[in-house]
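Presented below is the structure to which this report refers.
The values are calculated or read from the model by the stated rules, or taken from the named source; none is laboratory data. Everything quoted here is computed from the prediction, not taken from an experiment. Neighbour counts run over all protein chains shown; Cβ positions are idealised from the backbone, glycine included.
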Amino acid sequence: MPDLDITVVRGAAGPVVVGVKGELDVATTPELRECLAGVDGDVVVDLSGVTFMDSTALGALVAATNRSREQGATLMLRGESAFVSRLLKVAGLGDFFHPDGVQEG
């Protein structure tokens, strides 16, 4: 089974930061989905440690973003590698996670 490490940092103020390291695929995405379902309020998902991502992970991120928006919160991505940025663009999701047009690096 591929390795995946997820950390959740809740500060006194500001968004919850969910750090993801490893491969996000059909085997590991359920762990990410479960983690994001348990976080309320504004969330930043730090993907700087992601070495691979497939469509199941994209689906989980889209679902979590939609849930956040329905609750009046935001879910933003940061630290996307060139691979992940390209995947988002090919899937037509480049602006979905960055509606203000600003991508954090």
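None of Pro2, Pro30 is loosely packed, with under 15 Cβ neighbours inside 10 Å and modelled with pLDDT of 95 or more except Pro30. For the residues Gly94, Gly72, Gly49, the requirement of being modelled with pLDDT under 90 and not basic (Lys, Arg) singles out Gly94. If you go through the range 32-40 one residue at a time, do you hit one that is more than 16 Å from Ala63 (Cβ to Cβ) and either in contact with a Lys or Arg (Cβ under 8 Å, 6 or more places away or on another chain) or not hydrophobic (A, V, I, L, M, F, W, C) (or both)? No: zero hits.
Within the range 82-101, being surrounded by fewer than 16 Cβ atoms within 10 Å (Cβ to Cβ) and not in a helix (DSSP H, G or I) holds for Ala91, Gly92, Asp95, Phe96, Pro99, Asp100, Gly101.
Yes or no, residue by residue, for (1) among the aromatic types (Phe, Trp, Tyr); (2) in contact with a Pro (Cβ under 8 Å, 6 or more places away or on another chain):
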site	(1), (2)
Thr28	no, yes
Gly41	no, yes
Thr51	no, no
Gly72	no, no
Leu77	no, no
Ser85	no, no
Phe96	yes, no
